[in-house]
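For reference, the structure discussed in these notes is given below.
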Amino acid sequence: MAQFQRTQNCDGVTGDPSMTILSPIEQQLNEITLYSSPYQNILNHHINIVMKRADTGSFRLDNTKVQWSFVPSNPTYMYSQTTVSAGNHSLTADSGFNAL
């Protein structure tokens, strides 16, 4: 599955058009380091995470807990959209998660 993000000329949100390939929930990781580039006039940095509700307690972003919300269509899962700074970010959990 792919997600398309439109340019600011289409919906008024600052940003360039892009396409993100979304990983299936079966392809989860327990640990990853992500890089958010400070170049190309990127003004806002976010990391989106999805994982099972029962496992959110062990999740850490840069050794810090994050705020979670229920996935409205499936309360077995929760998501977090966390604002971060540019640079490297470490994501870890005892159980699997998906992030972008």
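In segment 57-80, the count of residues that are modelled with pLDDT under 90, in a loop (DSSP other than H, G, I, E, B) and either among the small types (G, A, S) or within 14 Å of the chain's Cα centre (by Cα) (or both) is zero. Just one of the numbered conditions (1) modelled with pLDDT of 80 or more; (2) among the polar types (S, T, N, Q); (3) not in a strand (DSSP E or B) is not true of N30: (3).
Looking across segment 70-100 at every residue that is in contact with a Ser or Thr (Cβ under 7 Å, 6 or more places away or on another chain) and farther than 18 Å from L29 by Cβ, the one that is most open to solvent (accessible area, probe 1.4 Å) is identified as A86. Comparison of T92, T20 shows that the only residue that is at pLDDT 90 or above and assigned to a strand (DSSP E or B) is T92.
As a summary of the residue check, R60 satisfies the conditions (1) in contact with a Ser or Thr (Cβ under 7 Å, 6 or more places away or on another chain); (2) open to solvent by 80 Å² or more (accessible area, probe 1.4 Å) except for the one numbered (2). Among the residues making up segment 20-48, those that are closer than 19 Å to A2 by Cα, in contact with a strand residue (DSSP E or B) (Cβ under 6 Å, 6 or more places away or on another chain) and surrounded by 14 or more Cβ atoms within 10 Å (Cβ to Cβ) are S23, Q28, I47.
Here M51 meets the list (1) in a strand (DSSP E or B); (2) open to solvent by 90 Å² or more (accessible area, probe 1.4 Å); (3) modelled with pLDDT of 80 or more almost entirely, failing just condition (2).
The values are calculated or read from the model by the stated rules, or taken from the named source; none is laboratory data. These numbers were taken from a predicted model, which means no experiment stands behind them. No Cβ is skipped: glycine too gets one built from the backbone with ideal geometry, and neighbour counts run over all protein chains shown. Protein only, heavy atoms only, side chains kept; ligands, DNA and RNA dropped before computing areas. Shrake-Rupley method; radii C 1.70, N 1.55, O 1.52, S 1.80 Å.
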